Amino acid sequence: MSILLRYIAYDILRNRMIIAYTLFLLLMSATMFSIESNPGKGLLNLLNIVLIVVPLVSIIFSTIHYYNSYEFIELLLAQPIPRKRLAFGQFLGWVCTFAGFFDWGGHPGFTDRVQQRGPQSGADGGVSNPHFCGFGHVGRGAHPR
Amino acid sequence: MIQTQNLSKHFGKLCALNNVSVSLQKGKGVSLIGPNGSGKTTFIKCLLGMVIPDAGRICFNDQPILRDSWDYRKQIGYMPQIGRYPDNMRVRQVFDLMTDLRKDSHCGPLDEELIEEFGLKNSFDKPMRTLSGGTRQKVSACLAFLFDPAVLVLDEPTAGLDPLAAEALKAKVLREQQKGKLVLMTSHILNDLEELTTDVMYLVEGDLLFFESVENILERTEETRFAKAIAKIMAQQGKISSTPQRKTIAL
């Protein structure tokens, strides 16, 4: 499982779309507090991102990634590893990289100004990431093949 | 080595496999032949446990393959029809991933003969997305042979390979076969199969039409060349299936 996690994480880390997403998060969390005079409002704006953008990106990206690696997953299934371990390894690979990117991209927002509430918003994202990666993961079960 | 009993699989109304019973022995080169959509790949996927059959069972070394059994795959090397790999991985990493995944089940040296023959070492640092279709096919072939498995399952192995590489692959398959391994392959290029085949499994729309040795087929069709004999059978089959009473004709 850890082997799969490592290789999948490596594949995702080099993906251009995901790097753009991280930079977007970084930019957002850095600017939200500088345009708003009231840090509470800035945090509210960040919360909107956590609620809308993060789930959307994790669903779309994990689905696209799954469809692109369909043939590779088939090849992995022909190897002597249990299916569950494969599915779980892949899921963890997504979740860990997404959570990592989210934390890194949202870093200024969590540490700046509203230090008491920052960690909470970070935790929100941390919870929503695996859930929505999971939705992408489950969505593939509905695929007829 | 591999036995299937009344293997059946339906995809909705489509019948991909219908009561297929065969017994595949060690040291044989079994060719799966049939028109497009006749269930060849489905049969292979059933063997690999990627498709769960609706009915019937498969035994590998007398052990039935169940829904969640995976141990038997230690002895199988699989080369898929379409080799697509994660875009950002390098060739070396794909090989490393596979060796890591199978290191528990495989002890002993890796079989890197084919890597040398294809000259793949030169492209080991290239990302997979930059490779041509043929080179990807070479990677798939090398991965199938890497762990010295007792059973080789090759789905259209020579499609997309240049003549030199195709010859190298065929020579390799032949060598492995002589070592007593079972090789199961599909291809539409009958000339490629000719030297490697000892038995033919002919599927049409999920039905196993016959499973015979090459000598038998040559005798039956009164031909000297394998490709011609199969072409003759296919032509006969075509005539039969174009008549409306097809199902009533005993074969």
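The values are calculated or read from the model by the stated rules, or taken from the named source; none is laboratory data. Just so we're clear, the structure is a prediction, and the values are computed from it rather than from any experiment. No Cβ is skipped: glycine too gets one built from the backbone with ideal geometry, and neighbour counts run over all protein chains shown. Accessible surface areas use protein heavy atoms only, side chains included; no ligands, DNA or RNA. Shrake-Rupley method; radii C 1.70, N 1.55, O 1.52, S 1.80 Å.
Brief remarks follow.
- Principal axis dimensions, the stretch A:15-70 - Cα atoms, whole angstrom, descending: 48, 19, 7
- Computed from the C-beta positions of B:Ile189 and A:Ile52 and an R0 of 45 Å, the FRET efficiency is 0.30 to the nearest 0.05.
- For the stretch B:24-86: rounded, prolate or oblate by the Cα gyration tensor [a/c cutoff 1.5]: rounded
- One quarter of the surface of the convex hull around the alpha-carbon atoms of the stretch B:16-151 equals 9.6 nm², the direction-averaged projected area.
- Beta bridges by DSSP in the protein assembly as shown, antiparallel share as percent, to the nearest 5: 55
- With R₀ set to 30 Å, the beta-carbon distance separating A:Glu36 from B:Asp87 gives a calculated FRET efficiency near 0.15.
- Area of B:Phe11 that stays accessible when all protein chains are in place (1.4 Å probe, Å², to 10): 90
- All Cα-Cα separations within chain B were binned at 5 Å from zero, giving a P(r) of 1, 6, 13, 17, 18, 16, 13, 9, 4, 2, 1, 0, each value a whole percent of the pairs.
- Modelled spin-label separation between A:Phe88 and B:Asp54, with each label point placed 7 Å from Cα along the Cα-to-Cβ direction: 3.3 nm.
- Separation of the B:Leu14 and B:Asp207 label points, Cα + 7 Å toward Cβ, nm: 1.9
- What the pair-distance distribution of the protein assembly as shown shows, using all Cα-Cα distances binned every 10 Å from zero, is 4, 20, 26, 21, 13, 9, 5, 2, 0, 0 percent.
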